[in-house]
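Q: Sending over a structure as structure tokens; questions will come in a sec.
The values are calculated or read from the model by the stated rules, or taken from the named source; none is laboratory data. Being a predicted model, the structure only gives us computed values, none of them experimental. All Cβ positions, glycine included, derive from the backbone under ideal geometry; neighbour counts span all protein chains shown.
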Amino acid sequence: MNPLHIFNTFSTWVVPCLILSALLYAYFRGVRVFETFVEGAKEGFGMSVRLIPFLVGMMVAIGLFRDSGALELLISVFTPVLRFTGIPVEVLPLAFMRPLSGSGALAIAAEMMNTHGADSLLGRMAATMQGSTDTTLYVLTVYFGAVGIQKPRHALAAGLLGDIAGLLAAIFICQLVFK
């Protein structure tokens, strides 16, 4: 039997088996599974309602950032530095958008892949950057807002430094491997 076929079959069934295992474990431990699920869904709905103001605020800020021309201004400021270091300028919009918005960054990455090809160096950089960074500002806004954290201390700096490290590593590794 083909090992790839075995792996594909296993990966298809692993999540349903994990869910079934959790349900069976809960049932045999005496947990009222359906009632617990409904209670959790109720709490999730309440949490969603509390998050709406934070989400709206974040979406307005992202829209203002993109529509005001601030993104283009930042790109024009950083272009000479990128050309000097050999980093493709085309990845800059993705680098700026990724910490702000996952959907905005995905749209930029998809546009890069449509323009340059998914197997191009820029397409691979975009995919690697998407996977090696996070939507830091979105995460801080939504999750910290949801639990009422007022002073995030060093979370923003640590998150943005992690994003910068992920972006630079993605660019360096893609240039090393795919160039």
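Q: Select from region 81-115 the residues that are within 18 Å of ILE173 (Cβ to Cβ) and of a type outside the set (A, V, I, L, M) and list them in ascending order.
A: THR85, GLY86, PRO88, GLU90, ARG98
Q: Determine which member of the set ARG153, ARG98, ARG124 is farther than 24 Å from VAL49 by Cα, modelled with pLDDT under 90 and basic (Lys, Arg).
A: Working: ARG98 fails: modelled with pLDDT under 90; ARG124 fails: modelled with pLDDT under 90.
Answer to the check: ARG153.
Residue-wise test of (1) over 24 Å from ALA146 (Cα atoms); (2) without any contact (Cβ under 8 Å) to a residue 12 or more places away in the chain; (3) surrounded by 10 or more Cβ atoms within 10 Å (Cβ to Cβ).
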{"residue": "ALA26", "(1), (2), (3)": "yes, yes, yes"}
{"residue": "VAL31", "(1), (2), (3)": "yes, yes, yes"}
{"residue": "THR36", "(1), (2), (3)": "no, yes, yes"}
{"residue": "GLY40", "(1), (2), (3)": "no, yes, yes"}
{"residue": "VAL49", "(1), (2), (3)": "no, yes, no"}
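Q: Scanning for something in contact (Cβ under 8 Å) with a residue 24 or more places away in the chain and in a helix (DSSP H, G or I), does region 147-158 turn up at least one residue?
A: At the first step, the residues of region 147-158 found to be in contact (Cβ under 8 Å) with a residue 24 or more places away in the chain are none.
No.
Q: So, GLY159, is that one over 18 Å from PRO53 (Cα atoms), at pLDDT below 85 and surrounded by 16 or more Cβ atoms within 10 Å (Cβ to Cβ) or not? Full working, then the answer.
A: On the way: over 18 Å from PRO53 (Cα atoms): yes; at pLDDT below 85: no; surrounded by 16 or more Cβ atoms within 10 Å (Cβ to Cβ): yes.
Taking the combined requirement at face value, the residue does not satisfy it.
Q: Sticking with this structure for a sec: Out of region 60-106, which residues are touching a residue at least 24 places away in the same chain (Cβ under 8 Å), of a type outside the set (S, T, N, Q) and in a loop (DSSP other than H, G, I, E, B)?
A: Listed by number, the residues that qualify are GLY86, ILE87, PRO88, ARG98, PRO99, LEU100.
Q: Of everything in region 84-106, what is surrounded by fewer than 18 Cβ atoms within 10 Å (Cβ to Cβ) and β-branched (Val, Ile, Thr)? Give them in sequence order.
A: Once the filter is applied, which keeps residues that are surrounded by fewer than 18 Cβ atoms within 10 Å (Cβ to Cβ) and β-branched (Val, Ile, Thr), region 84-106 yields THR85, VAL89.
Q: Condition first: buried (at least 16 other Cβ atoms within 10 Å of the Cβ) and either assigned to a loop (DSSP other than H, G, I, E, B) or without any contact (Cβ under 8 Å) to a residue 40 or more places away in the chain (or both). Now tell me which residues in region 107-132 satisfy that. Before you say what the answer is, go through the steps one by one.
A: Of the residues in region 107-132, the ones buried (at least 16 other Cβ atoms within 10 Å of the Cβ) are 108-109, 112-113, 116, 121-130, 132.
Within region 107-132, ILE108, ALA109, MET112, MET113, HIS116, LEU122, GLY123, ALA126, ALA127, GLN130, SER132 qualify.
Q: Also, I was wondering about something else. Looking at region 48-57, is at least one residue closer than 30 Å to LEU176 by Cβ and either hydrophobic (A, V, I, L, M, F, W, C) or part of a helix (DSSP H, G or I) (or both)? Explain how you work it out, then say what you get.
A: Just the residues of region 48-57 that are closer than 30 Å to LEU176 by Cβ, to begin with: none.
No, there is no match, as no residue in region 48-57 is closer than 30 Å to LEU176 by Cβ and either hydrophobic (A, V, I, L, M, F, W, C) or part of a helix (DSSP H, G or I) (or both).
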